[in-house]
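Read the structure below first, then the notes.
Throughout, read-outs are computed from the coordinates displayed, never taken from laboratory work. This one's a predicted model, so the numbers in the text were calculated from it and none came from an experiment. Here the Cβ positions follow ideal geometry from the backbone for every residue, glycine too, while neighbour counts run over all protein chains shown.
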Amino acid sequence: MAETHGIPEWPGNRLLADSRGLGWRDVYTSYAVEAPWQATLPALPHPCIAYCASGAATIRRRVDGEAAERAELRPRHFGMVPDARTSSWQLDGAPDIQLVYLRQGLVHELAASEFGAEPDQIEFDYRLGFSDGLLEQLVSTLLGELRRNTSLPSNGLYADHLVRLIVLHVLRTRSTLGNAALSTASDATSARLVAVCDRIEESLDGDLSLARLASDVGLRAHTLATAFRRVYGVPLHQYVIARRVERAKALLRNGDLAVAEVALATGFASQSHLTTAFTRVVHVTPARYRAAIR
């Protein structure tokens, strides 16, 4: 996607990786070490998510028509770059930043299909320095897809799937379109949903049944299932499987465990169970995935 601000390649910044040449249709993502910079960013049609992977920065920003603001961008925090207005920025620090530009056409498509909304009804919350466990996992997984061997035939398909989840999640949680869904979940329920995501990451090899997760956070199973899908846009069991497959991919890339051992380490009942779920998501078997990586 050509229409970006080009920040990773500015003087002083060090581009480590980006998605040019991969054929990803609906997203451009980059990962760079940024040096202090000051600039006015023009309005672009595509919303941009900035994720601070490590390091920290002080951000001073003024969006056209609004008061100036200051925020601390810390590791695992996000910000968004306005897509419809110019904005003046000053960054002090040396953070590692992943930028994710989402194609406007996909944003409009999902806004229409999911919310019945016209393009002029979409208004994002461009707050700086917010945390979001699910969004962090999605953009980090997208970066993992960028970094791994891109010759695998499933790479583009899986990236497309991740991007659709990112757009849907951002529309639900960072735009006016999602206010209705979010307002139906109390603050206490929202906090419990975050706790569920944390619990899943900590216990991928354990019991992550709906009943167990609901019990862990003090919700009824039906309440948890309904709230999770409404807020995050995917059924809870599909989210668990996706996270287990991601952990399995990491073990296959970086270790020598047998596929059966990887299955047990990621909470699958057997090697065949892992193979079925893995192939459905990645479109190759675990064995073929490991062989292609190596």
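Structural remarks
- Spin-label proximity, residue 5 to the range 13-32 - amide N less than 20 Å from point 7 Å beyond Cα toward beta carbon: 13-20, 27-32
- Comparing 79, 106, 116 along the charge dipole axis of the range 60-119, the residue lying farthest to the positive side is 79, per the Cβ-charge model.
- Debye, to nearest 20: dipole size of the range 57-144, +1 on Lys, Arg Cβ, -1 on Asp, Glu Cβ: 420 debye
- FRET efficiency estimate (nearest 0.05) - Cβ-Cβ, residue 58 to residue 176, R0 25 angstrom: 0.30
- Karplus-based coupling profile of the range 113-123, in residue order and whole Hz: 6, 8, 10, x, 9, 7, x, 6, 8, 8, 9, with θ = phi - 60° in 6.51 cos²θ - 1.76 cosθ + 1.60 and x standing for Gly or Pro.
- Under 11 Å, Cβ to Cβ, from residue 217 - net charge with Lys/Arg +1 and Asp/Glu -1: +2
- Approximating the spin labels as points 7 Å out from Cα along Cα→Cβ, the residue 230-to-residue 130 distance works out to 1.8 nm.
- Treating r as the C-beta distance of residue 279 and residue 121 and R0 as 45 Å, the FRET efficiency rounds to 0.70.
- Rounded to the nearest Hz, the phi-derived 3J(HN,Hα) couplings of the range 285-290 under the Karplus curve 6.51 cos²θ - 1.76 cosθ + 1.60 (θ = phi - 60°) are 6, x, 5, 5, 4, 4, where x marks glycine and proline.
- Karplus-derived HN-Hα couplings along the range 264-280 (A = 6.51, B = -1.76, C = 1.60, θ = phi - 60°), whole Hz, x at Gly and Pro: 5, 6, 10, x, 8, 5, 7, 4, 5, 5, 4, 4, 5, 5, 4, 5, 5
- Normalised Debye scattering of the range 7-131 at q = 0.09, 0.17, 0.18 Å⁻¹ gives log10 I(q)/I(0) of -0.26, -0.92, -1.02, counting only Cα atoms as equal scatterers and leaving out solvent.
- Between amide H atoms placed 1.01 Å from N, distances below 5 Å from residue 85 occur with 44, all of them 5 or more places distant or on a separate chain.
- Modelled FRET efficiency - R0 35 Å, residue 238 with residue 25, Cβ distances, 0.05 increments: 0.95
- The simple spin-label model puts a point 7 Å past each Cα toward its Cβ; for residue 86 and residue 71 those points are separated by 2.2 nm.
- When the chain is described by a simple charge dipole with +1 on each Lys and Arg Cβ and -1 on each Asp and Glu Cβ, the residue from 242, 232, 42 located farthest towards its positive end is 242.
- Of the peptides 70-80, 108-118, 35-45, the ranking by mean beta-carbon count within 10 Å, highest at the top, reads 70-80, 108-118, 35-45.
- Share of Cα-Cα pairs in the chain lying beyond 33 Å, as whole percent: 26 percent
- Distant alpha-carbon pairs in the range 64-115 (separation over 18 angstrom), percent: 51 percent
- At full extension, residue 38 and residue 15 could sit 6.5 nm farther apart than now, given 0.36 nm per residue minus the alpha carbon distance.
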